[in-house]
Every structure is written in structure tokens, then in C-alpha cells.
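The block underneath contains the structure these notes are about, expressed in C-alpha cells.
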Amino acid sequence: MTLSVVIPTRNEEANIGACIDAFATVRSDLEIIVVDNFSGDRTRDIAAGKLVNVLLQGPERCAQRNRGWRAATGGYVMFVDADMIVPEATVREILCRCRAHDADCWYVREVRSGGGLRVRARNFERSFYDGTCIDALRVVRRDLLEKTGGYDENLIACEDWDLDRRLLAAGAKTAVTDGFLLHNEARQSLAKLLKKKAYYSASVAAYRGKWKDDETCRRQFGLAYRFFGVFTERGKWRRLLRHPLLAAVMYFERFAVGATYLAHRRGKPA
């Protein structure tokens with residue numbers, strides 16, 4: 001098996017069917033493993049009806065993802081959230097690149113689905129992150145997961161950044177896919193986004209403490225890089241200036257998220 005797809009879920013009955021169905025035309029080339037965190041809705045029933053491997057694991061997504069990749073038989077593992085759709089062309093690209101072994105891990109470009117100015121602004125923002133320390137790897141060679149131990153289950157937030165850093169330290173060769181995945185945020189209001197950020201913000205100190213609040217942490221959380229550097233480095237400032245309205249909406253939301261982080265963080269990094 002070339003590729004295993006691991007999907008952590010919790011009360012995702014509205015999304016899990018479409019997420020799995022997106023792989024329908026390539027099911028013979030990969031396996032799908034759904035790791036459910038004891039959902040109270042029909043998530044597990046829907047997934048089981050799609051004839052995929054359904055496992056139970058909690059209490060957080062780190063443990064779910066670890067349970068998934070450890071059960072996987074593929075040489076590479078792709079981590080996908082239940083509210084994401086991976087187009088066939090992107091899956092085929094990933095399969096092709098896995099077979100060619102042209103990298104050990106891949107960042108997968110992400111596009112928010114849904115209409116409206118906020119979604120356009122969020123896609124604009126996300127396009128600056130590809131392959132940077134703000135991004136997170138989604139496809140990883142399985143033996144590298146074994147070598148690094150996978151996700152740190154002591155972390156609730158930033159666990160993907162933490163794994164990336166350990167993969168890079170292990171010498172992993174990374175690349176960015178040409179294709180993209182769709183992240184369904186049609187129902188993601190600003191209020192819901194900030195509530196989600198508040199939940200994870202309270203746990204960021206554990207990640208920052210683990211890495212002694214080093215230069216990468218300062219880039220990921222500091223005003224200089226997170227609000228300006230990532231949008232202006234390597235000539236990207238030109239694109240920022242070409243889209244002033246999207247930039248304005250993006251910065252409004254970015255500052256709202258930053259304020260939420262400051263209001264809800266707990267403790268200080270060691």
C-alpha cells in the first residue's frame with residue numbers, strides 16, 4: 001500500500017461522508033482510517049458504511065492521529081481533517097510523488113471553500129503560509145513517524161508544528177504540492193473562529209516551553225514575522241499591495257485572533 005489517509009473525527013456526521021467519498025476513484029490505491037473520539041452523533045456509522053477502517057481513540061487529536069498512523073499499512077501517511085475535501089487530481093499527484101520518492105514529506109496547499117469576503121481574505125492569507133513555519137506537513141513517510149514518535153500527546157495545541165520541527169531535525173526532505181485541498185469553512189463565523197482559537201490558545205505555553213521559546217517560536221507567535229514578515233519576505237509584499245481590501249480584512253481578523261491568544265494564554269514558556 002502506497003498511502004494511508006488518517007482522519008480524526010468528533011461529531012462530524014455533517015462532513016465525514018463527503019470527506020471519504022472524495023477518495024472514491026482512488027480507493028484501490030490507498031487505505032482510509034477514521035479515528036473517532038467517541039462521537040455522540042452518527043459519525044462512526046457513516047464512516048463504517050463507507051467500508052473504511054474505524055477506530056476509537058481519545059482524548060485529543062494527537063492521540064487519534066498516532067493511533068491512525070500506527071495502524072496504517074501505507075509507506076506514507078496523509079493526515080486530513082473531516083471537514084476537508086481532497087480533489088482527485090491532488091490525491092493522484094500525491095500518490096505519484098510518493099511512488100517517485102521525490103520528498104519525504106509534503107505540505108499540501110489549502111483553500112477554504114465557501115463564499116464571501118471573509119473566505120476570500122482567509123484564502124489570501126493562507127496562500128502566504130505555504131512551506132513556511134506557519135504551515136504544517138500533511139503527508140509524511142511512515143518510517144519517519146516511527147523514528148520521531150509521531151505527535152506529542154502532551155500537546156493540545158501546535159502539535160503539528162512540533163512534529164514538523166522534529167521531522168526537519170531528522171533530516172526530512174520536504175516539498176509543497178501543486179494541487180490543493182478544500183477546507184470547508186462555510187459555517188465558520190468570526191465568533192466561532194475566535195472560540196476555537198481561545199480553546200487552543202490556552203495550551204500554547206506547553207509547546208513554547210518545550211522549545212524554550214526559541215527563534216522559530218518567536219516567528220510563529222511574534223508580531224514581527226506573523227503579522228508582517230511572512231507577508232513580505234521574498235517579494236511577497238507586492239501581492240499584498242495589489243490586494244488592499246483583502247489585506248485589510250485579513251489584518252482585521254489576524255489582530256482579532258492575536259488579541260484572543262493574548263487574552264486566553266495560560267502560563268509562560270519555560
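So how strong a dipole does the chain carry about its Cα centre when Lys and Arg Cβ are +1 and Asp and Glu Cβ are -1, to the nearest 20 debye?
960 debye
What is the distance in Å between the Cα centroid of region 86-105 and that of region 150-177?
19 Å
Scaled to the compact-protein estimate 2.2 N^0.38 Å, what is the alpha-carbon radius of gyration of the chain, rounded to two decimal places?
0.99
Quick check on the chain: helices-only [θ] at 222 nm, where DSSP H runs of length 4 and up contribute -39,500 (n - 2.57) each and the sum goes over total residues. Nearest 500, please.
Calculated at 222 nm, the ellipticity per residue is -13000 deg cm²/dmol.
State the answer as a single residue: which of A89, L3, A121 lies farthest towards the positive end of the charge dipole of region 3-187, with beta carbon charges of +1 for Lys and Arg and -1 for Asp and Glu, about the Cα centre.
A89
Report the number of Lys pairs in the chain whose alpha-carbons are under 26 Å apart, with separation of 8 or more residues or on distinct chains.
Lysine pairs meeting both conditions in the chain amount to 17.
Among G40, V77, F231, whose Cα projects farthest towards the positive end of the dipole of the chain, with charges put on the beta-carbon of Lys, Arg (+1) and Asp, Glu (-1)?
The residue sitting most towards the positive pole is F231.
Using only Cα atoms, find the angle between the long axis of helix 244-264 and the longest principal axis of the chain, and express it within 0 to 90 degrees, rounded to the nearest 10.
Helix 244-264 and the main axis of the chain meet at about 80 degrees.
If you take every DSSP beta bridge fully contained in the chain, what fraction is antiparallel? Give it as a percent rounded to 5.
Looking only at bridges with both residues in the chain, the antiparallel portion is about 25 percent.
When Lys and Arg each count +1 and Asp and Glu each count -1, what net charge do the other residues less than 12 Å away from A224, Cβ to Cβ, add up to?
Net charge in that neighbourhood comes out at +1.
Every number here is computed from the coordinates shown, using simple stated rules; none is lab data. Just so you know, these numbers come straight off a predicted model, no measurement behind them. So basically every Cβ, Gly included, is an ideal-geometry build from the backbone, and we count neighbours across all protein chains shown.
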